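Single-structure report; data block below.
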Ligand SMILES: [Zn+2]
């Protein structure tokens, strides 16, 4: 099969043209950037491709706009004015460029200041904010671990923080290793405590059986209402679990 890709610029759009052994011109727009690709029969020339693209320009722009808005909804730009959460409170992000030391801080009046170098990308800002969340979460976590280890009667070999897509925490009872989700930094501290106690309880009972629930109720009598708070908006996730 003979495949030949060229790039054409049509009406300000960059189009990938792939020539294949097919019968008809086929046009596709791909996420996330809305890249346009045209599959073209071997014998069809550039002029026919140009016409095919121009005749479908409105459709292409509509598709691209839809992809762009999807990206906007799922990803923060990390610009001033955005709402971000820490310890269950909503803060207004204030981005200050020009700082050599990149970090975040809470100003006390509902402002979360993010200091970054000039021209920082959203990815860099994200990284700076994430490492700040990680430090804060670690500071909240350490005293909670020390508070609960004697009450539980067992100590994890390791209790760490990482990014997880669908779980608030995990516990490997054999290795006694506990991981907590970095997203917990955005939740009220009692939520962090609930997830920690849940994972520590797995050191005593690996499954979510009646014994586990009895132990949880003994340790944290209101654990069910904290779980509701944990899974409430604005950071709800359908698949979250512990
Ligand atoms: Zn569990």
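Among 152, 22, a tally of other beta-carbon atoms within 10 Å of each Cβ gives an order, fewest to most, of 22, 152. For the chain, the orientation-averaged shadow of the C-alpha convex hull comes to 19.7 nm² (one quarter of the hull surface). Over region 1-41, the reciprocal of the mean inverse Cα-Cα separation, the Kirkwood hydrodynamic radius, stands at 10.6 Å. Label positions at residue 92 and residue 46, each projected 7 Å from the Cα along the C-beta direction, are separated by 5.3 nm. Can you tell me the orientation of helix 189-201 relative to the chain, as the angle in degrees between its alpha-carbon axis and the longest Cα principal axis, to the nearest 10? Once rounded, one gets 80 degrees. Gaussian network model of the chain, Cα springs within a sub-10 Å range: biggest mean-square fluctuation belongs to which of 183, 47, 210? Highest fluctuation of the listed residues: 47. Placing dummy labels 7 Å off each Cα toward the beta-carbon, the span from residue 83 to residue 107 is 1.9 nm. Hull volume per residue, based on the alpha-carbon atoms of region 155-212 and their convex hull, is 84 Å³.
Starting from 0.36 nm per residue, how many nanometres of slack lie between residue 211 and residue 176 once their C-alpha separation is accounted for?
Gain in length upon complete extension: 10.7 nm.
Rounded to the nearest 0.05, what FRET efficiency do residue 68 and residue 22 have when you use their Cβ-Cβ distance and R0 = 25 Å? In this case the efficiency is close to 0.30.
A simple spin-label model places pseudo-atoms 7 Å from Cα toward Cβ; at residue 163 and residue 145 they are separated by 2.2 nm. Label zone (residue 155, point 7 Å along Cα-to-C-beta; backbone nitrogen cut-off 17 Å) within region 165-199: 175-178.
Largest first and in whole Å, what are the equivalent-ellipsoid semi-axes of region 62-172 based on the Cα gyration tensor, each being the root of 5 times an eigenvalue?
Working: eigenvalues 204, 77, 33 Å².
Largest first, region 62-172 gives 32, 20, 13 Å.
Seen against the Cα atoms of the chain and their longest principal axis, helix 210-219 is set at about 70 degrees. In whole angstrom, how far apart do the alpha carbon centroids of region 132-195 and region 98-120 sit? For region 132-195 versus region 98-120, the Cα centre distance is 26 Å. For the chain, the longest principal axis of the Cα atoms and the long axis of helix 57-74 meet at an angle of about 10 degrees.
No lab work stands behind these numbers, since they all come straight from the coordinates. Remember, predicted model here, so these are calculated numbers, not experimental data. Note: ideal-geometry Cβ built from the backbone for every residue, glycine included; neighbour counts use all protein chains shown.
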